[in-house]
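First the structure, in the form of C-alpha cells, and then the observations on it.
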Amino acid sequence: MQKRLGPPLVVITLLAGCGGGGGDGLSTTTPVSGPKGLLYTGTTSQDQPVRIEATEKMLASIKLQLSCKDGSTSRVTLSTSPTRPTLYPDGSFYYSEAGRTRPREFPGFGSGRYRGAMQGSIVGPKGTGHAAFRITFKETNCRAAVRWDVKRGG
C-alpha cells in the first residue's frame with residue numbers, strides 16, 4: 001500500500017560539492033564563485049535521483065523512498081534550499097534539519113515531526129556520501145537511510 005505524503009514534502013536536507021583538479025582522484029575540491037557552480041548528478045542506493053550544484057554554499061536535492069511502520073510507503077525530496085551548507089575546501093560537507101509539518105502538508109497523516117541529514121565529500125569528478133530522513137506522525141513513522149554517488153556532468 002502506498003500513501004503519498006503530500007507535495008514534494010519537506011523540501012529540506014542535502015548534499016553537494018564541487019570539482020577541481022584533473023581527474024587524478026587526489027585533487028581537492030574548490031568551491032566555485034558566482035551564481036552557478038559545477039553540476040553533479042547521480043543516484044541513491046534506492047535508485048532515486050540526486051542533483052548537486054557545487055558552489056561555496058551548495059544547492060542540492062535528493063529523493064528518498066520512505067518505508068512506514070504501518071506498511072505504507074512514500075517518497076520525500078530533501079533539499080538544501082533555502083539554507084545552503086558550506087562546501088569546505090577538502091570537498092566535505094554536512095547538513096541537517098529538523099522541524100514540524102502542518103496537517104495540510106500530509107493529508108491523512110496530520111502533523112508530524114521530521115529530521116533529515118546528509119553528509120559526504122565531492123572531490124574532482126566524483127562524490128559520495130549518506131543521507132537519512134525520518135518523520136513521525138501520531139499513528140505511524142516513516143524513514144529512509146541511503147548511500148549516494150554522483151559524477152560531474154551537465
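Stretching residue 143 away from residue 75 to a fully extended chain increases their span by 23.5 nm, per 0.36 nm per residue minus the current alpha-carbon distance.
Taken over the C-alpha atoms, region 35-154 has Rg and Dmax values of 15.0, 45 angstrom.
In a DSSP loop and with at most 12 other Cβ atoms within 10 Å, the trypsin sites (Lys or Arg not before Pro) in region 43-133 are 69. Electrostatic tally near residue 84: other residues with Cβ closer than 11 Å to its Cβ, Lys and Arg +1, Asp and Glu -1, net -1. Applying 0.36 nm per residue to the separation of residue 83 and residue 136 and subtracting their alpha-carbon distance, the gain on full extension is 16.8 nm.
Read-outs throughout are calculated quantities, based only on the coordinates presented, and are distinct from any laboratory measurement. Remember, predicted model here, so these are calculated numbers, not experimental data. Note that we place each Cβ from the backbone using ideal geometry, even for glycine, and neighbour counts take in every protein chain shown.
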